[in-house]
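The values are calculated or read from the model by the stated rules, or taken from the named source; none is laboratory data. Keep in mind that what you see is a predicted model, and the values were worked out from it rather than measured. No Cβ is skipped: glycine too gets one built from the backbone with ideal geometry, and neighbour counts run over all protein chains shown.
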Amino acid sequence: MDHEFHYYMTYLIAARSGFNKKDAETLAYSSQYIDNNDHIFNISPGTDNHYQNYISQTKNITMPRKKLFRIYPIFHFVPGKVLAKDSRRKDGKLHHLNTTPDNKNANQILDSALETNNLYKIGLAVHAFADTYAHQNFVGYFEGYNHLGGVLQKSPAKVGHASATHKPDIPNLIWEDERLCSFNCKRNNKEIFLKAAGRIFEKLKLYNNPQISTQKLESEKEELVSDLSAAIGETTEKYSFFSNLFDKKDKNLRIKNYRKLSQQKQYGGTRVEKYNKYKWLDRVLANPVKILWFKLQREIPLIPIPVFIEAVKDFLGIEFSFKYSWKDKNKYKNSHWYRFQKAVKELQEEAETILENNTLSKMELEEL
């Protein structure tokens, strides 16, 4: 999933479940920003306000940072049920870290986040929960278990769904996971995404209105799923890596539909803002020239600097980055960006405990 689900659809789900517009936007932005929080900022070093954030994604999943490996099973590939029927493979392989939808770990992580009443933490946990659907049958670890056939079979793409490229992320795509048995190899992303949306709605609605009747809850969920289905539109089996990367016509149309839907009263009543991955960051950091350079590296894919830096960091085992400073050293702790970063660190610790108790204690993994 990308920002189509993690931001736009999550906003619609949150608004429909009872969050006001402001809170729904904060929750949804947190849910998506987890994927854009891929850079360690060294802020105000040598002062009482020195701070370094903790990343929740890497810039390039084909070259993941080994020492930051724990982010994958916590935030993007939450391990689930080893013997799940829909995970049956042609080769019969099993994996304790395999991601399965709506699993015990993901539910506990989301329930724990909801108990804190922290919108940033809830958004993070919603992201992880949603990805159990889109990322099902992949593991957040260096593992041949993830490999599909084709040109990427012998590539460095060993983590998560990298060998499937962007196929699991596109809301209207139908594709085939050739590792799986014939009865379950067809992946209809639209059906999968709508199931995820329905379950997240149930969790958030019960959080906002614990007394709601089962009948009312089901009725509202059906209306939400119907509206999202219409916004996603017709399914397709056509996919090209490069057309998906550069041709955004269909995606932009779907986003237009999500934003139009947000104008309805039950979804907040005003058009949700377009997602801007730099919005929170721009509000909190000074150094416009350094930030401009930071943005250029991400917006011009032909500049391989981020990938090169990642490789050097791994090879030398060091951290280095530009030194930044706060716009307001007295108020930064009240900013969305800082509170999001704090939530990332807190959720990571809480999720590690849950995963250790349920899953990791059964294994001996060097990199986690």
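At-a-glance table
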{"item": "Criterion: farther than 24 Å from L217 by Cα, buried (at least 24 other Cβ atoms within 10 Å of the Cβ) and either within 16 Å of the chain's Cα centre (by Cα) or at pLDDT 95 or above (or both) - qualifying residue of I34, I13", "result": "I34"}
{"item": "Residue list for the stretch 179-214, filter: farther than 30 Å from Y145 by Cβ and either touching a Lys or Arg at 6+ places or on another chain (Cβ under 7 Å) or assigned to a helix (DSSP H, G or I) (or both)", "result": "F201, E202, L204, K205, L206, Y207, N208, I212, T214"}
{"item": "Residue ID - farthest from R199 (Cα to Cα), chosen from residues in the stretch 227-241 that are of a type outside the set (A, V, I, L, M, F, W, C) and out of contact with any Leu (no Cβ under 9 Å at 6 or more places or on another chain)", "result": "S240"}
{"item": "Close pairs from the stretch 321-335: first over 18 Å from H39 (Cα atoms) and free of Cβ contacts under 8 Å to residues at least 24 places away in the same chain, partner of a type outside the set (S, T, Y) and surrounded by 14 or more Cβ atoms within 10 Å (Cβ to Cβ), Cβ under 8 Å, at least 6 apart", "result": "K333/R339"}
{"item": "The stretch 169-214 - residue that is of a type in the set (K, R) and farther than 17 Å from I13 by Cβ and, of those, nearest to the chain's Cα centre (by Cα)", "result": "R187"}
{"item": "Filter result for Q297 (out of contact with any Asp or Glu (no Cβ under 9 Å at 6 or more places or on another chain) and modelled with pLDDT under 90)", "result": "yes"}
{"item": "Single residue of K279, K221, K195 found to be of a type in the set (D, E, K, R) and over 22 Å from D102 (Cβ atoms)", "result": "K279"}
{"item": "Tally of residues being part of a loop (DSSP other than H, G, I, E, B) and of a type in the set (S, T, Y) across the stretch 98-133", "result": "1"}
{"item": "Close pairs from the stretch 72-97: first free of Cβ contacts under 8 Å to residues at least 40 places away in the same chain and of a type outside the set (S, T, N, Q), partner surrounded by fewer than 18 Cβ atoms within 10 Å (Cβ to Cβ) and not in a loop (DSSP other than H, G, I, E, B), Cβ under 8 Å, at least 6 apart", "result": "K81/K104"}
{"item": "Residues of the stretch 220-263 satisfying the condition of being closer than 30 Å to N209 by Cα, of a type in the set (S, T, N, Q) and in contact (Cβ under 8 Å) with a residue 12 or more places away in the chain", "result": "S229, N257, S262"}
{"item": "Residue match in the stretch 155-168 (condition: within 19 Å of the chain's Cα centre (by Cα), assigned to a loop (DSSP other than H, G, I, E, B), at pLDDT 90 or above and surrounded by 16 or more Cβ atoms within 10 Å (Cβ to Cβ))", "result": "no"}
{"item": "Meets criteria (touching a residue at least 12 places away in the same chain (Cβ under 8 Å), over 21 Å from the mean Cα position of the chain (by Cα) and part of a helix (DSSP H, G or I)) for L217", "result": "yes"}
{"item": "Residue that is modelled with the lowest pLDDT [pool: residues in the stretch 134-154 that are closer than 15 Å to E176 by Cα and assigned to a loop (DSSP other than H, G, I, E, B)]", "result": "G150"}
{"item": "Sole exception among (1) touching a residue at least 24 places away in the same chain (Cβ under 8 Å); (2) within 18 Å of C181 (Cβ to Cβ); (3) over 17 Å from the mean Cα position of the chain (by Cα) for L114, by number", "result": "(2)"}
{"item": "Yes/no for D111 being on the phi > 0 side of the Ramachandran plot and modelled with pLDDT of 95 or more", "result": "no"}
{"item": "Lone unmet requirement of (1) of a type outside the set (K, R); (2) in a loop (DSSP other than H, G, I, E, B); (3) in contact with a Pro (Cβ under 6 Å, 6 or more places away or on another chain) for E234", "result": "(3)"}
{"item": "Filtered residues of the stretch 229-269 (kept if of a type in the set (A, V, I, L, M), modelled with pLDDT of 95 or more and surrounded by 11 or more Cβ atoms within 10 Å (Cβ to Cβ))", "result": "A231, I232, L253, I255, L261"}
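Matching residues to (1) assigned to a loop (DSSP other than H, G, I, E, B); (2) at negative phi; (3) modelled with pLDDT of 60 or more:
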position: P301; (1), (2), (3): yes, yes, no
position: F315; (1), (2), (3): no, yes, yes
position: N330; (1), (2), (3): yes, yes, yes
position: W337; (1), (2), (3): no, yes, yes
position: Q341; (1), (2), (3): no, yes, yes
position: V344; (1), (2), (3): no, yes, yes
position: E349; (1), (2), (3): no, yes, yes
position: T353; (1), (2), (3): no, yes, yes
position: L368; (1), (2), (3): yes, yes, no
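Conditions (1) of a type in the set (F, W, Y); (2) part of a helix (DSSP H, G or I); (3) surrounded by fewer than 17 Cβ atoms within 10 Å (Cβ to Cβ); (4) modelled with pLDDT under 90, marked per residue:
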| position | (1), (2), (3), (4) |
| --- | --- |
| T58 | no, no, no, yes |
| I61 | no, no, no, yes |
| K67 | no, yes, yes, yes |
| Y72 | yes, yes, no, yes |
| L83 | no, no, yes, no |
| D91 | no, no, yes, no |
